[in-house]
1. How many of the residues making up the range 157-178 are open to solvent by 30 Å² or more (accessible area, probe 1.4 Å), closer than 22 Å to ARG118 by Cβ and among the charged types (D, E, K, R)?
2. Report yes if VAL125 is closer than 25 Å to GLY70 by Cβ, touching a strand residue (DSSP E or B) at 6+ places or on another chain (Cβ under 9 Å) and surrounded by 12 or more Cβ atoms within 10 Å (Cβ to Cβ), otherwise no.
3. If you take just the helices (runs of 4 or more DSSP H) that sit entirely in the range 1-104, which of them hold at least 1 residues that are touching a residue at least 12 places away in the same chain (Cβ under 8 Å), open to solvent by less than 60 Å² (accessible area, probe 1.4 Å) and under 30 Å from ARG118 (Cβ atoms)?
4. If you go through the range 184-194 one residue at a time, do you hit one that is surrounded by 14 or more Cβ atoms within 10 Å (Cβ to Cβ) and of a type in the set (S, T, N, Q)?
5. Report every pair of residues separated by at least 6 positions or lying on different chains whose Cβ atoms are under 8 Å apart, first residue within the range 146-175 and under 22 Å from LYS131 (Cα atoms) and assigned to a loop (DSSP other than H, G, I, E, B), second open to solvent by less than 30 Å² (accessible area, probe 1.4 Å) and of a type in the set (A, V, I, L, M, F, W, C).
6. Return yes or no: is GLU117 assigned to a strand (DSSP E or B), open to solvent by 10 Å² or more (accessible area, probe 1.4 Å), closer than 30 Å to THR47 by Cα and in contact with a Lys or Arg (Cβ under 8 Å, 6 or more places away or on another chain)?
7. Which number in (1) open to solvent by less than 30 Å² (accessible area, probe 1.4 Å); (2) touching a residue at least 24 places away in the same chain (Cβ under 8 Å) marks the one condition that TRP181 misses?
Amino acid sequence: MGIGPEEITFTKGDLGNYVWAVTQWYPIVRQDTLDNTAFKTLIATGTGTDPVPVPTPRPFPAPPAPIIPGALNRMFNQVQRMKLHPGYADGLGRELGIVAVAAVVDDPAPEFTAVLERDAKGFRVYIHCTKRHHGGIVVESRINGGAWELYGHFTRGSVYDDRPLAVPHTPESRDYRLCWWDKDEPHGDWSAVVTVLVGD
């Protein structure tokens with residue numbers, strides 16, 4: 001289908017870098033952020049008489065070589081090229097796992113709720129969606145009406161957004177929208193936008 005050995009090798013490395021960022025780097029950095037936020041809250045309004053050590057960054061496995069942006073875009077473009085090749089057939093596409101599940105007419109977009117939760121550790125936005133027969137959801141968000149950004153792909157219907165405020169101690173609005181995620185591809189329509197006001 002027009003994909004040579006060199007391109008296959010590059011794609012494997014490209015996606016390997018992306019997997020490293022998503023499964024190793026991001027969870028550790030995110031947890032560090034949560035720990036730092038909890039530390040800030042504790043020293044500001046916590047109780048007790050024992051000194052609290054400053055959180056230290058967690059180590060993570062050595063990163064790959066400098067990463068070129070756009071790994072998923074390149075993969076999606078590659079899949080489209082394969083589907084347009086004269087040698088492509090749906091059966092081969094299913095074997096390769098690149099055929100998306102068709103959106104059901106009665107179920108074109110997810111329906112979901114997003115609510116603010118607070119506890120002693122701070123706040124988080126709880127996003128809940130009933131996946132029905134779909135494998136997962138894509139969540140995008142934007143802050144204060146800015147550009148839409150990918151928050152993540154999730155195989156579960158309950159998602160927490162516990163990111164810190166963009167500007168500390170400054171309330172902000174967060175918009176959310178969802179679409180379906182099946183066979184590693186987003187599809188269907190974007191949902192209606194739900195807005196949550198968050199702040200300390």
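1. Total satisfying the criteria: 2.
2. Spelling it out, it is not the case that VAL125 is closer than 25 Å to GLY70 by Cβ, touching a strand residue (DSSP E or B) at 6+ places or on another chain (Cβ under 9 Å) and surrounded by 12 or more Cβ atoms within 10 Å (Cβ to Cβ).
3. Passing ranges, in order: 26-45.
4. Looking for residues that are surrounded by 14 or more Cβ atoms within 10 Å (Cβ to Cβ) and of a type in the set (S, T, N, Q), one finds at least one in the range 184-194, hence yes.
5. Going by the 8 Å Cβ cut-off, the qualifying pairs are GLY157/CYS129; GLY157/ILE137; ASP162/VAL125.
6. Answer is yes for this residue.
7. In the conditions (1) open to solvent by less than 30 Å² (accessible area, probe 1.4 Å); (2) touching a residue at least 24 places away in the same chain (Cβ under 8 Å), TRP181 misses (1) alone.
Conditions tested, residue by residue: (1) under 16 Å from the mean Cα position of the chain (by Cα); (2) within 26 Å of MET82 (Cβ to Cβ).
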position	(1), (2)
GLY122	no, no
VAL125	yes, no
THR130	no, no
GLY146	no, no
SER158	yes, no
GLU185	yes, yes
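The values are calculated or read from the model by the stated rules, or taken from the named source; none is laboratory data. Treat the numbers as computed from the prediction; the structure is a model and nothing was measured. Heads up, the Cβs are rebuilt from the backbone with ideal geometry, glycines too, and the neighbour counts pull from every protein chain shown. These area figures cover heavy atoms from the full protein model, side chains too; ligands, DNA and RNA do not enter into them. Shrake-Rupley method; radii C 1.70, N 1.55, O 1.52, S 1.80 Å.
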